[in-house]
Amino acid sequence: MKTDALDDLARHYGVGLSHTAPDGEELQISDDTKRAILTALGIPCEDEPQVEASLAAAGSIKPPVMRAVPGSICALPDWLTDKPAWGVSLMLYELRSARNWGIGDFADLAAFSRTVAQAGAEFVGVNPLHAQFLSDPARCSPFSPSNRLFLNPLYIAVDQVPGFAADDADPADLEALRSLDAVDYAQVARIKLAALRLIWARWQDAWPSDTGYAKDSFDAFRRDGGDPLRGHALFEALSASMVAGGYGAGWSSWPGSFQDIRSQAVASFEQEEHDSVSFHVWLQWLADTQLGEAAKAAREAGMRIGLYLDFAVGESPDGSATWSTPDLVLPDMTIGAPPDFFTAEGQEWGLAPPSPTTMRRTDFARYKQTMQALTRHAGALRIDHAMALWQLFLVPKGGKPADGAYLHYPIEDMLRILTEVSQENGTVIIGEDLGYVPEGFQDVMRDTSILSYRILYFEKDEGGFFAPKDYPPLALACLSTHDLPTLRGWWRGDDVDLRLEHGLIDEEAAEDQRETRAEERAKLVEGMSWFRVLDEKDRKHAEKAAGDKASELPETIMVATHRMVARTPSLLAGVRLADLTGEEKPTNLPGTVDSYPNWRLKNSVPIEDLADAPFFQSICAVMRAERPKS
């Protein structure tokens, strides 16, 4: 086969022919990888005649081009451009309260929003709330969802559902779940779903007429959800049945006759288990209703942005989305990242990549529906790994990340839809543009009014941390994310110790990283003096603490670091709940699965006591002073 013909075909359909190695060398993609991706796209390319025929058939299809759509921009309220705002980010499950059932829920979100709104915050940001695997709740990473179009019912505040009775759950069980320092997803799911099934049974006899929970509202939700909602509910009902029968929650472990939603076996199950399927539709309706109530509570508390939601980059290959709509994803491919300085072998994220072929064929219907669902309740939306608007690194099944290649996506069409939905719902869009960002992508973000994502830990060079004034206006500035240590943990180097403890680095690397952290502490304090965010009377104490490897983080440095973020010209500034309450342990330790309690740790301070937390008042005070409400 002529390599140039295969290259022309690959280029035509957006397959990158090379990528850059950590040492700067340009790595060429193998013909096997080109053929694997083209085959996943549905393009015949097995031999030279097929390649030539496919090239001829592709004549009317234009290769993807990275550029903004003239006249298409995302929503940015006038008041925000005049008066930059601040808010608080958190993982919803981590919230503690006197009334929840061992996991933060939508009622907690409303209560939390009221508290931080009084402190001056304009938004509350949360982790992705996408549907997980109800029949295997231990699969709890919010960034590996079963279906991004729907919500996780474990966030339903059961005690707020009309018809709930006090004896629907054992108070002793609930108190035990509340007392844990980490979410016990299995027990939470067991107790919540049991109580919700009792309420569902009562509703069949006497549907409540409470505002927002009337029967006609449910019927409209079910009708509007259409086949995607039916497919997800059917998946959850079938998944529960399969787990009870000894199979896994994901469809790839099911008997062959149940792996296809169109099979007679699935049709018979749906008919026999109609009530169970309806129950899962009802759960989605409850979750959507309560999320809407939380959004309303945030707005009524005075937040002009309100809820800030998160959109994960992909979905689990054995979840609801890939089972109910298999043509939406590329078969035999997974999303990952090429080798770099941090991961010499590259990364495989275990997520199914969306199919640009299906996107175009269906006029981007699923993408529109998902963006509409996410922005309906959101004043802001963060797009995880925003570069996915342009490209994803795909790893062929059975291969290694080093065997992967980039696939370019129809960015113009996706941006057109994103900007339209953003404008329709008044939703500010933030793009997480960390890691490898292709040349020109941030220009496209700027031209489309998508805010960049700037993390203070990374905003530095050999000379030290960047001055606040050097941050871009069209951005969200913050200290860190869920994958990074809290400020107390960063100061002490706890993240280095954790990486060593869990075998992610060796002792030599750990010592190098500790030395680097000591230098970073010193440069942070030095920068505080230059940027005049630290009082002169506190400078010497801060310098001494920075030079002491065993020192705890002084409150003056905690506050001054947030003042640096607040003084940037970036339109939005974020504060982590974990820093407001002085947490030490990170939310997630990248590179681990079960050896560290990822996505489980709760915040140490209940919502009811939040205003009296160690750093809450001092940090909020400086954020209010630097970014006052008009």
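The values are calculated or read from the model by the stated rules, or taken from the named source; none is laboratory data. These numbers were taken from a predicted model, which means no experiment stands behind them. Cβ sites come from the backbone with ideal geometry, for glycine too, and all protein chains shown count toward neighbours.
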Can you pull out every residue in segment 450-467 that is buried (at least 16 other Cβ atoms within 10 Å of the Cβ) and under 20 Å from the mean Cα position of the chain (by Cα)? I450, L451, S452, Y453, R454, I455, L456, Y457
Sort through A194, A157, A166 and tell me the only one that's aliphatic (A, V, I, L, M) and without any contact (Cβ under 8 Å) to a residue 12 or more places away in the chain. A166
Would you call S278 of a type in the set (G, A, S) and within 22 Å of the chain's Cα centre (by Cα)? no
Please state which one of G379, G346 is in contact (Cβ under 8 Å) with a residue 40 or more places away in the chain and surrounded by fewer than 20 Cβ atoms within 10 Å (Cβ to Cβ). G346
The condition from (1) farther than 29 Å from G245 by Cα; (2) surrounded by fewer than 16 Cβ atoms within 10 Å (Cβ to Cβ); (3) over 24 Å from the mean Cα position of the chain (by Cα); (4) not hydrophobic (A, V, I, L, M, F, W, C) that D170 misses is numbered (1)
For segment 363-376, does any single residue satisfy the condition of being over 20 Å from the mean Cα position of the chain (by Cα), closer than 30 Å to K83 by Cα, in the same structural domain as T427 (by TED's automatic domain parsing) and surrounded by fewer than 21 Cβ atoms within 10 Å (Cβ to Cβ)? no
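Kindly establish whether W203 is at pLDDT 95 or above, within 22 Å of A138 (Cα to Cα) and of a type in the set (F, W, Y).
Spelling it out, it is not the case that W203 is at pLDDT 95 or above, within 22 Å of A138 (Cα to Cα) and of a type in the set (F, W, Y).
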Against the conditions (1) buried (at least 18 other Cβ atoms within 10 Å of the Cβ); (2) in contact with an Asp or Glu (Cβ under 8 Å, 6 or more places away or on another chain), where does A522 fall short? Just the number, please. (1)
Which condition number in (1) more than 25 Å from H12 (Cβ to Cβ); (2) of a type outside the set (D, E, K, R); (3) surrounded by fewer than 21 Cβ atoms within 10 Å (Cβ to Cβ) is the one that L307 fails? (3)
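With respect to M333, is the statement that it is within 29 Å of R624 (Cα to Cα) and crowded, with 20+ Cβ neighbours inside 10 Å true?
Answer is no for this residue.
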Could you tell me whether any residue of segment 491-509 is of a type in the set (A, V, I, L, M, F, W, C) and touching a strand residue (DSSP E or B) at 6+ places or on another chain (Cβ under 9 Å)? no
Can you tell which of S604, S551, S595 is surrounded by fewer than 20 Cβ atoms within 10 Å (Cβ to Cβ), in a loop (DSSP other than H, G, I, E, B) and assigned by TED's automatic domain parsing to the domain that holds A182? S604
In segment 117-134, anything more than 28 Å from A85 (Cβ to Cβ) and in contact with an Asp or Glu (Cβ under 7 Å, 6 or more places away or on another chain) is listed as L134
Give the number of residues within segment 279-292 that are out of contact with any strand residue (DSSP E or B) (no Cβ under 8 Å at 6 or more places or on another chain) and either buried (at least 17 other Cβ atoms within 10 Å of the Cβ) or at positive phi (or both). 9
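Return yes or no: is L381 more than 22 Å from R299 (Cα to Cα) and among the aliphatic types (A, V, I, L, M)?
No; evaluated as a whole, the condition is false for this residue.
Considering D219, D210, which residue is closer than 12 Å to V281 by Cβ, assigned by TED's automatic domain parsing to the domain that holds L154 and surrounded by fewer than 13 Cβ atoms within 10 Å (Cβ to Cβ)? Walk me through how you get there before you give the answer.
Values: D210 fails: closer than 12 Å to V281 by Cβ.
On inspection, the qualifying residue turns out to be D219.
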Selection within segment 7-28 - of a type outside the set (D, E) and either within 30 Å of the chain's Cα centre (by Cα) or more than 20 Å from A402 (Cα to Cα) (or both): L9, H12, Y13, G14, V15, G16, L17, S18, H19, T20, A21, P22
Leading residue by the ranking (farthest from G426 (Cα to Cα)) among those in segment 364-386 that are of a type in the set (K, R) and in a helix (DSSP H, G or I): R366
Taking V421 as the residue in question, decide whether it is aliphatic (A, V, I, L, M), at pLDDT 95 or above, closer than 27 Å to E122 by Cα and buried (at least 20 other Cβ atoms within 10 Å of the Cβ). yes
Under 9 Å between Cβ atoms, at least 6 apart or on separate chains: pull out the pairs that start in segment 240-267 with a residue that is of a type in the set (D, E) and end on any residue that is outside any loop (DSSP other than H, G, I, E, B). D260/V266; D260/W323; D260/P326
Would you check which residues across segment 484-519 are under 24 Å from F123 (Cβ atoms) and either surrounded by fewer than 14 Cβ atoms within 10 Å (Cβ to Cβ) or of a type in the set (S, T, N, Q) (or both) and list them? T486
So how many residues does segment 387-424 have that are part of a helix (DSSP H, G or I), closer than 30 Å to P77 by Cβ, touching a residue at least 60 places away in the same chain (Cβ under 8 Å) and touching a Leu at 6+ places or on another chain (Cβ under 9 Å)? 4
Within segment 343-383, work out how many residues are of a type in the set (A, V, I, L, M) and more than 30 Å from I305 (Cβ to Cβ). 2
When G547 is evaluated against the numbered criteria (1) touching a strand residue (DSSP E or B) at 6+ places or on another chain (Cβ under 9 Å); (2) without any contact (Cβ under 8 Å) to a residue 60 or more places away in the chain, which criterion, by number, is the only one it fails? (1)
When only residues in segment 427-449 that are buried (at least 16 other Cβ atoms within 10 Å of the Cβ) and within 18 Å of the chain's Cα centre (by Cα) count, which is farthest from G527 (Cα to Cα)? T427
Check whether at least one residue in segment 279-298 is in a loop (DSSP other than H, G, I, E, B), assigned by TED's automatic domain parsing to the domain that holds P396, more than 23 Å from L196 (Cβ to Cβ) and touching a residue at least 60 places away in the same chain (Cβ under 8 Å), and report yes or no. no
Given (1) buried (at least 17 other Cβ atoms within 10 Å of the Cβ); (2) part of a loop (DSSP other than H, G, I, E, B), M528 misses just (2)
